[in-house]
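Q: Quick one: structure below, then a few questions.
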Amino acid sequence: MLPKNSLAWGRSKSCIRELAAYGAARKAAIGTDKVFDFSIGNPSVPAPPQVDEAIRALLCETDSTALHGYTPAAGLPSLRAAVAADLRARLGAPVSADGVYVCCGAAAGLAACCRGLLCPGEEALTFAPFFPEYRVFVEGAGGVLGVVPPAAGLQPDLNALERFITEKTKLLIVNTPNNPSGVVLSAESLTRLGEILRAAERRYGHTIYLVSDEPYRELVYDGALPPSVLRFYDDAILCYSFSKSLSLPGERIGYLAVSDRMAERDDVFAALAGAARASGYVNAPSLMQRVIERCLGLTSDLSVYRENRDLLYGGLQELGYDCVYPDGAFYLFVKSPEPDAKAFSERAKQFELLLVPSDDFGLEGYVRLAYCVSGEMIRRAMPAFQALAESYGLT
Ligand code: PLP
């Protein structure tokens, strides 16, 4: 007999990947320019030139056995120190080198947090809408995922959070800027969040960890970098990835940063390292670690996403769609004109529009549009959006 969960996760496809696969087949059948594919969050702008330059230089400058050899599991000491210095300088985050664990993207970091922090049967909470893989990471660690429904404007409902926390709650996962809503947590919300978690720790007499999933940290459009969660709560871990900010999702590189202010920081760090080890993780790709060390603080040209956001949000609002204004990330969350978002997504397919229904994000009645696409495709998609809107009598 095979483990039930592993079998189910291996057999079921994420609805995002299923729609992307449908899109690939459709493009092959009718032509790429006839399909308006908003399914997947694969960055559409290239990595900055410094990334390729660093790779070329490393190949020439570095002894190849060192370049392609194992690194310490937690990452190259020089990279860990550089990441900590960058977090302190740019975000005022209380992090030092020995609290940084370099890992294979945010997915590996999140999975290590769930496995390293949750005992069987303990609960992790998150706010809807949320990245669907959280459920796999939490349940894969033997934990239970509790989902807190959102407040108005899809902001995290902090009053509801207070009601959801129980003595079983060990972990809260937040994601800012958010996939799929684009909502960015404000300093005011983070202050309140910290107060709620501290009160709950006192009430239940154990630590409640805050894991902040931030692969979209630099993708904010209407202000400076969002405030670091680590400044608002001591028992916090930052989970970061270079997949989106440097357009390197296939290279699998990111890090965990445990707050210096966490009382049990060294034990927690050891538990995260142990969880990674138990997953067969050895070290993040050696070449990429060295590239990141040379490219810290750089980003791809993210202005393209802002233009896309304005184009898509403005265009769809004009056509009568009800959209959540995204402050960050590269997703637009749109209210389905009928209660069943899957039915809406199916109807959109008739107009060659690929929109992900929101059910797997823990919230019904919306679709997600990934606007990490060309602006030209967004413009060409507008007549299809108009025809879809007309079919619902929106315009
Ligand atoms: N968290 C969120 C909110 C995401 O959207 C993604 C990827 O899309 C991840 C984590 C995983 O990212 P990575 O490529 O760094 O594993």
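The values are calculated or read from the model by the stated rules, or taken from the named source; none is laboratory data. Everything quoted here is computed from the prediction, not taken from an experiment. Neighbour counts run over all protein chains shown; Cβ positions are idealised from the backbone, glycine included. Heavy atoms of the whole protein, side chains included, go into the accessibility calculation; ligands, DNA and RNA do not. Shrake-Rupley method; radii C 1.70, N 1.55, O 1.52, S 1.80 Å.
Q: Once neighbouring chains are kept in place and the probe is 1.4 Å, which whole percent of the accessible area of the chain is contributed by carbon and sulfur?
A: The value for the chain is 53 percent carbon and sulfur by accessible area.
Q: Just the accessible area per residue of the chain, please: how many Å² with a 1.4 Å probe?
A: 42 Å²
Q: Please say if the range 46-120 is rounded, prolate or oblate, where rounded means a/c under 1.5 for a ≥ b ≥ c the square roots of the C-alpha gyration tensor eigenvalues, and otherwise the choice is prolate for a/b larger than b/c and oblate otherwise?
A: It is prolate, given that a/c is not under 1.5 and a/b is the larger ratio.
Q: Per-residue counts of other Cβ atoms within 10 Å, averaged by peptide: what ranking do you get for 259-268, 114-123, 128-137, highest first?
A: 128-137, 114-123, 259-268
Q: Now for a separate question. Grab the eigenvalues of the alpha-carbon gyration tensor for the chain, scale each by 5, take roots, and send me the semi-axes largest first in whole angstrom.
A: 34, 27, 20
Q: What percent do you get for the relative contact order of the range 187-279 when only Cα pairs under 8 Å and 6+ apart count?
A: 22 percent
Q: Report the per residue volume, in Å³, of the convex hull enclosing the C-alpha atoms of the range 164-240.
A: It comes to 89 Å³ per residue, whole-number rounded.
Q: Another question, then. Largest first, please: the extent of the C-alpha atoms of the range 208-318 along each principal axis, to the nearest Å.
A: Result, largest extent first: 52, 34, 24 Å.
Q: What fraction, in whole percent, of alpha-carbon pairs in the range 106-229 exceed 24 Å separation?
A: Result for the distance tail: 22 percent.
Q: How do the peptides 61-71, 77-87, 329-339 rank, highest first, by the average count of neighbouring beta carbon atoms within 10 Å per residue?
A: 329-339, 77-87, 61-71
Q: Can you give the calculated 222 nm mean residue ellipticity of the chain, where each DSSP H run of n ≥ 4 adds -39,500 (n - 2.57) and the sum is split over every residue, rounded to the nearest 500 deg cm²/dmol?
A: -13500 deg cm²/dmol
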